[in-house]
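The values are calculated or read from the model by the stated rules, or taken from the named source; none is laboratory data. All of these numbers come straight from a predicted model, not from anything done at the bench. Here the Cβ is made from the backbone with ideal geometry for all residues, glycine too, and neighbour counts use every protein chain on show.
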Amino acid sequence: MNRNRHILLQLFDRSGVKLHAMLYRLTLDADAAEDLMQELFTRLWKMETIDTIQNLEAYACRVAMNLAFDWRRQRSSVSPLPEMLADCRLGKADLRLTQREDLQQILSAAEQLTGLSRECFVLRYIEQMEYAQIADHTHKTTQQVRGLCVKAIQRIRQLLNIPNASCCKEAVNE
């Protein structure tokens, strides 16, 4: 148990801020991010084989993403509108509300992606990671990661009824 404690403290020192930031971006809720961060480290603490994981940071990142999307699924029946209205300030409130609603829709669509596609999408477009970094996390090549990201974007566009860029160009030329 003492060995696990040392491993988790190192992980927290190295990646705690990044993991918390990702959880916040996926939930759009500071309290939920805190709770999910605690849940993440509780689950890692209870693992008996934590020292056998080759890339603990990538593993923790994947578990955190799954926790965030599970949290979103549980809350999907609750309308976020009152919470969003309370969070807005005067001035740019309409813009913030629109951006937050757009992000909510994108994250809801991302929930419907399958495991690796969703992971690549989140790491690339939410976490702003480079393809090479994502390839290291997922043990894929950069070309495979690019392909997964393209397919994820196409699927999200399909789910949100957003035309592809080529469709938009054709519409402008007509």
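In table form, for the structure just shown:
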| quantity | calculated |
| --- | --- |
| Single condition GLU130 does not satisfy, out of (1) at pLDDT 85 or above; (2) closer than 28 Å to GLY16 by Cβ; (3) surrounded by 15 or more Cβ atoms within 10 Å (Cβ to Cβ) | (3) |
| Output for segment 141-155, where each listed residue is of a type outside the set (A, V, I, L, M) and either within 20 Å of ALA64 (Cα to Cα) or in contact with a Leu (Cβ under 7 Å, 6 or more places away or on another chain) (or both) | CYS149, ARG155 |
| Which numbered condition ALA60 fails, given (1) over 23 Å from ALA135 (Cβ atoms); (2) in contact (Cβ under 8 Å) with a residue 40 or more places away in the chain | (1) |
| Condition check for LEU36: closer than 23 Å to GLU111 by Cβ and either in a helix (DSSP H, G or I) or not aromatic (Phe, Trp, Tyr) (or both) | yes |
